[in-house]
Amino acid sequence: MSLKIGLNLTTNYSINFNYPKRGKNLIKFVIIHYTGMKNESKAIQKLCDSKSKVSSHYFIKSDGKILSLVPDLYEAWHAGKSNWKGLKYLNKFSIGIEIHNPGHEHGYKKFKLKQILSVKKLLIHLIKKYKIKTNCILGHSDIAPNRKKDPGERFPWKNLAKDNLCLWHSLNEKNIKKFRKKRISSDEIDFFFKNLSKIGYFIYNKKSLIIAFQRRFRQDLINGKVDKECYLISKNLINS
């Protein structure tokens, strides 16, 4: 890891959080979001507005600057109705990071290099401070696949995994691409969903779940269909 871990934080506190403070040991996950808004300053304003009922612990601006909105030990309002590894409503157990990006409804863009470098620095800090496992670094669509798309298929999970900052499969992508769109048996489809459950996903609407899985682990083809490639990736992930 060549990144310098030192963080340059700017305080911009939001009043949207729960009392009292939680124990450090309750923090088990980091949830990554995009803002889904065109205007960056309005996104920050929304996260700090008491009427919005939303917030996050950190906000990463387009220029890579990191804003601290809610102190880590307070519960921010970012995850909403969510589920992972049998835990519900993950606000209580997580730290939320919002990255400015207009999102799918407003001209979804590639995340800027400065933003991703800041995400990495922040994750290094949080993983070390709270002893968070890399398979507990998640996207909003992982924990709420029936209603959320963020941070989406342009978020570079594979890039983060190279620095051991999130879960990724160990398969050769050129080789497994040969199995793309190849049909699998009903038993293999059942095993696919069992694998997703073992990874941590909660089985909501199955098509939404497939799409969320593809946004995370097969980003160049998101069609909501389980094929041999998806099955092999899921099988590899539970052994990672």
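Rule-based calculations on the coordinates, nothing more; no lab input. Quick caveat: nothing in here was measured; it's all calculated off a predicted structure. Reconstructed Cβ throughout: ideal geometry from the backbone, glycine too, with neighbour counts over all protein chains shown.
Here are a few things to note about the model shown:
- Among Phe29, Phe179, Phe202: highest mean-square fluctuation, GNM of the chain, C-alpha pairs under 10 Å: Phe179
- Applying a threshold of 25 Å to the alpha-carbon distances of Lys131/Lys198; Lys24/Lys162; Lys92/Lys162; Lys51/Lys121 flags Lys24/Lys162; Lys92/Lys162; Lys51/Lys121 as lying beyond it.
- Computing mean projected area of the Cα convex hull in nm² for the structure here picks out one of (1) 18.2; (2) 13.7; (3) 12.7, namely (3).
- Asp227, Asp163 arranged by Cβ crowding within 10 Å, fewest neighbours leading: Asp163, Asp227
- The charge dipole of the range 192-240, taken about its Cα centre with unit charges on the Cβ atoms of Lys, Arg (+1), Asp and Glu (-1) only, comes to about 140 debye.
- With the simple spin-label model, which puts each label point 7 Å out from Cα in the Cβ direction, the His125 to Asp220 separation comes to 3.4 nm.
- Simple point charges give the picture: +1 on the Cβ of Lys and Arg, -1 on the Cβ of Asp and Glu, and for the range 9-162 a dipole about the Cα centre of about 400 debye.
- Mean separation of Cα pairs under 8 Å and 6 or more residues apart, divided by the residue count, gives the range 9-162 a relative contact order of 30 percent.
- Entry note, the chain: the mean residue ellipticity at 222 nm calculated from DSSP H runs of n ≥ 4, each adding -39500 (n - 2.57), is -9500 deg cm²/dmol after division by the residues and rounding to the nearest 500.
- Label-point separation, Arg180 to Asn205 (7 Å along Cα→Cβ), nm: 2.6 nm
- By the count of neighbouring beta-carbon atoms within 10 Å, fewest first, Arg215, Arg183, Arg22, Arg147 end up ordered Arg183, Arg147, Arg22, Arg215.
- Order of Thr11, Thr134, Thr35 - criterion: other Cβ atoms within 10 Å of each residue's Cβ, fewest first: Thr11, Thr134, Thr35
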